[in-house]
1. Could you count how many residues in region 29-73 are among the hydroxyl-bearing types (Ser, Thr, Tyr), more than 29 Å from residue 247 (Cβ to Cβ) and touching a strand residue (DSSP E or B) at 6+ places or on another chain (Cβ under 6 Å)?
2. Taking residue 226 as the residue in question, decide whether it is closer than 30 Å to residue 114 by Cα, surrounded by 16 or more Cβ atoms within 10 Å (Cβ to Cβ) and over 22 Å from the mean Cα position of the chain (by Cα).
3. Quick one: in region 248-272, which of the residues that are touching a residue at least 40 places away in the same chain (Cβ under 8 Å) and over 25 Å from the mean Cα position of the chain (by Cα) is most open to solvent (accessible area, probe 1.4 Å)?
4. Could you list all residues from region 271-292 that are among the charged types (D, E, K, R) and either outside any strand (DSSP E or B) or touching a Leu at 6+ places or on another chain (Cβ under 7 Å) (or both)?
5. Out of curiosity, is residue 176 in contact with a Phe, Trp or Tyr (Cβ under 6 Å, 6 or more places away or on another chain), open to solvent by 60 Å² or more (accessible area, probe 1.4 Å), within 25 Å of residue 84 (Cα to Cα) and touching a residue at least 24 places away in the same chain (Cβ under 8 Å)?
6. Among the residues of region 38-86, what is the count of those that are under 23 Å from the mean Cα position of the chain (by Cα), within 17 Å of residue 198 (Cα to Cα) and among the β-branched types (Val, Ile, Thr)?
Amino acid sequence: MNWTRLRNAWPWFAVLILVQAGTLYGQADFEYRNARMGAINNTLVSSETPGIVKTIDIQSGLEIEEHAALVQLNTEVYLADFEVAEAEEQIAELNAGNRVNLEYAEKSAAVTEKTLLKSLEANRAFAKTISSTEISRLQLELDKAVLSGQQAALEFESAQWMSKLRERKRRAAKVLLENRTIRAPFGGTVAQVHVQLGQWVNTGEPIARIIDLDHLRVEGYFSQELVRQVKVGCEATYEYSLGGEIVRVPVTVSFVSPEVVEGIFQVWADLDNTERKHVPGVQGTLTLHITN
C-alpha cells in the first residue's frame, strides 16, 4: 500500500468514513407520501336477528358511549318466552330443593331395619318368638325402603340437573331478548344511520356506522430493504395539509407486516386524537425515523 498517497488523501478519506458512520449509527428518515389517516375503529353495526324497528335512539353526528342503545327491535314474543323460562326456572328450583321423599325413604328404611334387628335378636334369645313369615315381611319392607331411598336419590339428582337446565334456558331466552336492542360495540360518533322506524331488517343488515375519532391510524408502505429495521414502537411523523395549513404530528409505529408483497411491506402508526385536532381520511406523508 502507498501510505504516502493515503496520507495526502487523508481529509477526503476521513470525511468518507464519517459519512458512512453517520449512516450506520445515526438516524435516517424514510418517507411514504401517499399515507392516509383513518379511524382505527370504523364499524358498520349490523343486526344479529331479524325484526321490525320499533325505536331509533341515535342520529348522525351523535356522540355515544360503548354499549349505548342504537335501535330497538320488536320484543313481544321474546319477552313472553323469557317470562315463561323464568317461571320454569323457579319451579325447577323448588323441586331441586325438595328433599321430602328422600328423607322419608331414608327414615322409613332406618325404622324397618331397626325393627328387623330387634326381631332377629328376640329369636336368638328365645327361639321362634317372631315367626319366619314376619321376619320375611320385615326383610321385604326393608328392601322396599332401601330401593325407595335409591329412587328418591335419583329423582333428587335429576331435579338438580333440571334446575340447571331451566336456568340455562332462562339465560338463553334473556340473551335473545337483549339482542333485540342493538348496541354500540365501542364509544364514538354516529356517522350514518341506515334504518327507519317500522322497517323490517334481516340478520346481518346494516343498522348504523360508528367511528371512534379518538384513536387514529396512518397506513404506509415501504421498501422491503427496511423490513428488518422498522420495529413496533419506532418513532415517526405524519405531515399533511388541511385548509392551507401544514400539520405535523408525532406518531408511533404499532404494526409492521411480517410479509413482503411485491417488494413492499405495510406499516401502521397510531396517534391519540382525544382533542379532535385531526380529521380521518386526509392524505399526507408518513416519515419513519430509523435509528441504526
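1. Number satisfying all stated conditions: 3.
2. no
3. The extreme case among them is 264.
4. 275, 276, 277
5. Yes.
6. Summing the residues that are under 23 Å from the mean Cα position of the chain (by Cα), within 17 Å of residue 198 (Cα to Cα) and among the β-branched types (Val, Ile, Thr) in region 38-86 gives 2.
Here's the yes/no breakdown for (1) at pLDDT below 95; (2) open to solvent by 60 Å² or more (accessible area, probe 1.4 Å); (3) among the aromatic types (Phe, Trp, Tyr); (4) not in a loop (DSSP other than H, G, I, E, B):
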{"residue": "23", "(1), (2), (3), (4)": "yes, yes, no, yes"}
{"residue": "29", "(1), (2), (3), (4)": "yes, yes, no, yes"}
{"residue": "61", "(1), (2), (3), (4)": "yes, no, no, no"}
{"residue": "70", "(1), (2), (3), (4)": "no, no, no, yes"}
{"residue": "77", "(1), (2), (3), (4)": "yes, yes, no, yes"}
{"residue": "83", "(1), (2), (3), (4)": "yes, yes, no, yes"}
{"residue": "91", "(1), (2), (3), (4)": "yes, yes, no, yes"}
{"residue": "104", "(1), (2), (3), (4)": "yes, yes, yes, yes"}
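The values are calculated or read from the model by the stated rules, or taken from the named source; none is laboratory data. These numbers were taken from a predicted model, which means no experiment stands behind them. For neighbour counting, all protein chains shown are included, and Cβ atoms are generated from backbone atoms with ideal geometry for every residue, glycine included. Calculation scope for accessible area: heavy atoms of the full protein, side chains included, ligands and nucleic acids excluded. Shrake-Rupley method; radii C 1.70, N 1.55, O 1.52, S 1.80 Å.
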